[in-house]
Amino acid sequence: MKGQLGEGKVSQILKKPIDGRSVEEADLLTECTELVKELERRSKKQETLRRRRAEVCDEPAELQRKVSELAAALKNARHLVIYTGAGISTAASIPDYRGPNGVWTLLQKGQSVSASDLSAAEPTLTHMCIARLHEHNLVQHVVSQNCDGLHLRSGIPRSAISELHGNMYIEVCTQCTPNREYIRLFDVTEHTALHRHHTGRTCHKCGGKLRDTIVHFGERGTLAQPLNWGAAAKAAKDAEVIICLGSSLKVLKKYACLWCMNRPHSRRPKLYIVNLQWTPKDDLATLKIHGKCDAVMRLLLDELGLDIPQYDRSKDPIFSLAVPLKPGEESTHTRKLLVPPSMAEESQAVTESTHKASSSDHPPLTGGWFGRGCAKGTKRKKLI
């Protein structure tokens with residue numbers, strides 16, 4: 001207790017300006033040299049964390065200048081890859097993880113985060129811009145950390161997407177060779193969690209248990225699809241330019257094959273980062289753009305002379321890819337179904353719920369991938 005009191009007293013003295021300290025206080029600091037060093041180290045660390053968490057926006061003129069530079073790089077690149085994180089989906093009412101109101105941020109503050117049915121979310125302006133860039137062969141591949149399935153729904157071909165942490169609409173049978181995929185019109189993760197992946201449904205072909213495709217913290221994803229790791233690694237190897245959109249890169253930085261760090265610096269892909277907060281790759285970036293993804297992508301497509309397509313639910317690929325449930329399986333989930341525009345009344349209900357995903361009157365849901373896995377105490381990695 002005496003040590004704690006001493007530490008508290010020294011801490012209070014250090015908060016005072018030097019010329020505001022008494023002779024006795026100055027003497028105490030001299031006597032507690034090691035403690036002073038430790039407290040100053042902690043203070044510096046806290047200030048660094050505070051600065052890194054702060055969201056910064058470039059001034060309009062500076063933002064336009066940077067986007068023009070990004071557009072030039074995009075035009076000149078023969079092979080370009082985009083890495084995306086939760087920041088590109090916030091406009092769809094899906095919270096990010098490490099922003100001021102992100103899932104991890106709130107949990108670390110001791111605040112609760114209830115799981116929500118995110119099926120009502122639709123591709124954002126950024127998703128549609130990326131689809132347009134791919135359509136014009138300006139982007140060859142998209143590597144995403146997101147599980148929301150919005151890249152698939154924006155119209156990008158599945159072969160051009162690597163969803164490294166899974167897709168909430170896809171469940172698979174691992175007993176079939178190759179694995180048999182089932183794309184659904186609802187979030188299949190209602191009954192799944194860390195190290196517990198069976199969805200409660202069975203394979204139409206072999207009767208084996210279906211599992212979700214989500215990769216939680218503490219797990220290592222081994223499914224061929226929708227993770228598509230082979231294509232992600234090849235895209236990174238071939239890339240001349242990598243654009244990171246809306247990702248803190250705290251997880252992606254750990255995937256060595258995505259960064260070509262074994263090459264000399266001059267032969268690595270040029271890195272462009274779009275994010276409001278600091279990332280651990282900032283010092284390696286050719287250009288860091290502090291801005292919201294939608295704002296940056298709107299300026300970028302304008303700079304390239306391309307129109308931004310509107311999301312059209314009637315053209316959403318998920319409706320043609322989806323596999324219907326077997327008779328009797330309707331009761332295996334309670335998630336809201338995606339419905340095509342032809343089902344007018346149901347479609348209107350889905351549209352109205354888009355903006356209510358985080359409202360207090362939206363009933364909390366249990367299970368599922370979103371908001372799970374914040375605790376990082378699990379050191380043992382399991383193959384899934």
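The values are calculated or read from the model by the stated rules, or taken from the named source; none is laboratory data. Fair warning: this is a prediction, and the values are worked out from it, not measured in the lab. Counting neighbours? That spans all protein chains shown, and the Cβs are built from the backbone with ideal geometry, glycine included. In case anyone asks, the SASA skips ligands and DNA or RNA and just uses the protein heavy atoms, side chains included. Shrake-Rupley method; radii C 1.70, N 1.55, O 1.52, S 1.80 Å.
Quick grid of which residues meet (1) modelled with pLDDT of 85 or more; (2) closer than 23 Å to VAL251 by Cα:
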| position | (1), (2) |
| --- | --- |
| LYS44 | no, no |
| ARG50 | no, yes |
| LYS66 | yes, no |
| SER89 | yes, yes |
| ILE94 | no, yes |
Checklist outcome for this item: Residue set GLY230, GLY221; condition open to solvent by 10 Å² or more (accessible area, probe 1.4 Å) and touching a Phe, Trp or Tyr at 6+ places or on another chain (Cβ under 8 Å); output residue GLY221
Checklist entry - Is at least one residue of the range 175-187 part of a strand (DSSP E or B), in contact with a helix residue (DSSP H, G or I) (Cβ under 7 Å, 6 or more places away or on another chain), open to solvent by less than 40 Å² (accessible area, probe 1.4 Å) and of a type in the set (Val, Ile, Thr)? => result yes
Item to check | Conditions (1) surrounded by fewer than 24 Cβ atoms within 10 Å (Cβ to Cβ); (2) at positive phi; number of the one not met by ARG211 | outcome: (2)
Checklist entry - Any residue at all in the range 47-56 that is farther than 21 Å from LYS281 by Cα and open to solvent by 40 Å² or more (accessible area, probe 1.4 Å)? => result no
Checklist entry - Of the residues that make up the range 190-197, is at least one part of a loop (DSSP other than H, G, I, E, B) and farther than 30 Å from PRO327 by Cβ? => result yes
Checklist entry - Considering only residues of the range 193-203 that are of a type outside the set (A, V, I, L, M, F, W, C) and closer than 14 Å to GLY221 by Cβ, which is modelled with the highest pLDDT? => result HIS197
Next on the checklist: Being open to solvent by 20 Å² or more (accessible area, probe 1.4 Å) and over 23 Å from LYS254 (Cβ atoms) is the filter here; which residues of the range 141-166 pass it?
Outcome noted: GLY155, PRO157, ARG158, SER159
Item to check | Candidates GLU345, GLU352, GLU303, filtered to the one that is charged (D, E, K, R), in a helix (DSSP H, G or I) and at pLDDT 95 or above | outcome: GLU303
Next on the checklist: So, GLN108, is that one at pLDDT 95 or above and surrounded by fewer than 18 Cβ atoms within 10 Å (Cβ to Cβ) or not?
Outcome noted: no
Next on the checklist: With the requirement that a residue be surrounded by fewer than 16 Cβ atoms within 10 Å (Cβ to Cβ) and acidic (Asp, Glu), what does the range 287-324 give you?
Outcome noted: ASP302, ASP307, ASP312
Next on the checklist: For the range 325-335, give me each residue that is open to solvent by 90 Å² or more (accessible area, probe 1.4 Å) and charged (D, E, K, R).
Outcome noted: GLU330
Checklist entry - Within the range 257-286, restricting attention to residues that are open to solvent by less than 50 Å² (accessible area, probe 1.4 Å) and not in a loop (DSSP other than H, G, I, E, B), which residue is farthest from THR48 (Cα to Cα)? => result LEU258
Checklist outcome for this item: Across (1) part of a helix (DSSP H, G or I); (2) at pLDDT 95 or above; (3) more than 30 Å from HIS191 (Cβ to Cβ), GLY230 clears everything bar (3)
Checklist entry - Do we have LYS250 as of a type in the set (Lys, Arg) and within 26 Å of GLY87 (Cα to Cα) here? => result yes
